[in-house]
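Engineer: Next up is a structure, given as structure tokens.
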Amino acid sequence: MKILFFSFFFSLLISFALLPGSYAQASAVDPVPTAPLRVVILGMVHGHVEGFLSSSLHRSDIQIVGISEPDQTVAQRYAAQFKLDKNLLFADAEQMLRQTHPQTALVYTNTFDHRRAVELCARYGVHVMMEKPLAVSLEDARAIEKAAQQGKIQVVVNYETTWYRSNRAAYDIVHEKTSGKQGIGPVRKIVVHDGHEGPKEINVAPEFLAWLTDPKLNGGGALFDFGCYGADLATWLMDGQRPTSVTAVTQHIKPDIYPRVDDEATIIVTYPQAQAIIQASWNWPFGRKDMEVYGQTGYAITVERDNIRVRRPGQQEQQLAAKPVPEPEDDSLTYLRVVVLGGLHPEGLSSLQTNLVVTEILNAARQSAASGKTIYLGSKD
């Protein structure tokens, strides 16, 4: 009887682990303390810091214990706008880490400085969540991986699209194995559209525009700014596969506005039996973040954050409301708390391993656009 019970229990555990969408829940999680997560903000020149302060400054589950920004004009502007305690402000990041003893750092620097930020935090055992993309080069991405391993910290890459219901619904449709529904077959083509009218056109803050249009600090223009979303989604949908080749074309459609970086990019990523087309642009007539996933027998097309169009074999297309994403994967800070306080190992869209592949794709895309040649990816080393 005991043998039968344990056999049944083991089978039940396995079945739960294989449920669709279980890409992150499979990691063991400890009970999460109710005390707020102690966070510091590293840098304030990334425009997304304003959205974070607007929505999360007074959340009870986090406690901001320090903010470092070398540019005091930027720091003082945000301090006045959000009525920040001046005692939170530091000009030097390392001094802040020594004095405040945070559990994690939220990085809002330019992308070039991500490596430096992770290497610094790793020395103090401070986990990191940064804004996308991971790095401006494959060399920096691998240095980040090394620092994280040596410091025994987690690195989470925050994409707005990670938390979209529609993207999760598309992933679940692709990976359906249960519930009696007929799936859409193996992925054959992914088409991702990301971007907006252009950073200057939408009036981003001047310090944000300055580094977005700097090829060293951003890695490129639209290619890195918005190409990273498609590379991230494609890598996730393809279960972490490295592609076999990358081909990219970039353009300077508005050289009078963006003379130093591309403002239009198309990346073709090939796999042994699939293809991803990533359309990244600062020239869309409106902002968009959506994708199309075509399987062997059907498709799933996301419609903004919360809806999806689906067609399965023998059926007409249906537009559906995507189901809510369960905690902790519905919100970046909730997810970060479980990673830091509950020991969840990041997987999927925000994980370091996924974003090492993303950086490899972007790095190859930049090489391809510059050379006019397809870049073939060999072995990892």
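The values are calculated or read from the model by the stated rules, or taken from the named source; none is laboratory data. Being a predicted model, the structure only gives us computed values, none of them experimental. FYI the Cβ positions are ideal-geometry reconstructions off the backbone, even for glycines, and counts take in every protein chain you see. Note: accessible area is taken over every heavy atom of the protein model, side chains too, but ligands, DNA and RNA are not part of it. Shrake-Rupley method; radii C 1.70, N 1.55, O 1.52, S 1.80 Å.
Engineer: Between Asp71 and Thr34, what is the label-point separation in nm under the 7 Å Cα-to-beta-carbon projection?
Structural biologist: Those two pseudo-labels are separated by 4.2 nm.
Engineer: Which three semi-axes in whole Å describe the equivalent ellipsoid of region 33-183, each the square root of 5 times a Cα gyration tensor eigenvalue, listed largest first?
Structural biologist: Rounded to whole Å, the semi-axes are 30, 20, 15.
Engineer: Okay, moving on. How high is the relative contact order of region 116-197, in percent, with contacts defined as C-alpha pairs under 8 Å that are six or more residues apart?
Structural biologist: Relative contact order for region 116-197 comes out at 26 percent.
Engineer: Rounded, prolate or oblate: which fits region 243-291 when a ≥ b ≥ c are the square roots of the eigenvalues of the alpha-carbon gyration tensor, with rounded for a/c under 1.5 and prolate only if a/b beats b/c?
Structural biologist: Judged from the Cα gyration tensor, region 243-291 comes out oblate (a/c at least 1.5, b/c at or above a/b).
Engineer: Based on DSSP, what percent of beta bridges with both residues in the chain are antiparallel, to the nearest 5?
Structural biologist: 60
Engineer: Next question, about the same structure. Arrange the peptides 302-308, 102-108, 332-338, 220-226 so that the one whose residues have, on average, the most other Cβ atoms within 10 Å appears first.
Structural biologist: 220-226, 102-108, 332-338, 302-308
Engineer: Convex hull over the Cα atoms of region 296-339, averaged projected area in nm²?
Structural biologist: It is 4.2 nm².
Engineer: Tabulate in residue order the Karplus-calculated ³J(HN,Hα) for region 49-59, using 6.51 cos²θ - 1.76 cosθ + 1.60 with θ = phi - 60°, rounded to whole Hz; enter x for Gly and Pro.
Structural biologist: Going residue by residue, I get 4, 5, x, 4, 5, 5, 9, 10, 4, 10, 5 Hz, with x marking Gly and Pro.
Engineer: In whole angstrom, how far apart do the alpha carbon centroids of region 251-270 and region 138-208 sit?
Structural biologist: After rounding, the separation between the Cα centres reads 21 Å.
Engineer: I would also like to ask the following. Relative contact order for region 277-330: what percent, with Cα pairs under 8 Å and sequence separation of 6 or more?
Structural biologist: In percent, rounded to a whole number, it is 20.
Engineer: How large a share of the accessible area of the chain, in percent, is made up of carbon and sulfur atoms when the probe is 1.4 Å and the other protein chains stay in place?
Structural biologist: Result for the chain: 53 percent of the exposed heavy-atom area is carbon or sulfur.
Engineer: Counting pairs of alpha carbon atoms under 8 Å apart in space and at least six apart in sequence, what relative contact order in percent does the chain give?
Structural biologist: For the chain, the relative contact order is 20 percent.
Engineer: So with the 1.4 Å probe, I'd like the accessible area per residue for the chain, rounded to whole Å².
Structural biologist: 46
Engineer: 5 Å is the cut-off here: which amide hydrogens, built 1.01 Å from N in the peptide plane, fall below it relative to Gln275, excluding neighbours closer than 5 in sequence?
Structural biologist: Lys189, Ile190
Engineer: Taking every pair of Cα atoms in region 110-153, average 1/r, invert it to obtain the Kirkwood radius, and report Rg/Rh to two decimals.
Structural biologist: Across region 110-153, the Cα-based Rg/Rh ratio is 0.92.
Engineer: Among the listed pairs Lys146/Lys200; Lys200/Lys289; Lys83/Lys200; Lys83/Lys254; Lys83/Lys132; Lys254/Lys373, which are separated by more than 30 Å between their Cα atoms?
Structural biologist: Lys146/Lys200; Lys83/Lys254
Engineer: Given 37 °C and 0.692 mPa s, how large is the Stokes-Einstein diffusion coefficient of the chain in µm²/s, with Rh as the Kirkwood radius over Cα pairs?
Structural biologist: 151
Engineer: Turning to a different aspect of this structure: Placing unit charges on C-beta atoms (Lys and Arg positive, Asp and Glu negative, everything else neutral), compute the dipole magnitude of the chain about its Cα centre in debye, rounded to 20.
Structural biologist: 800
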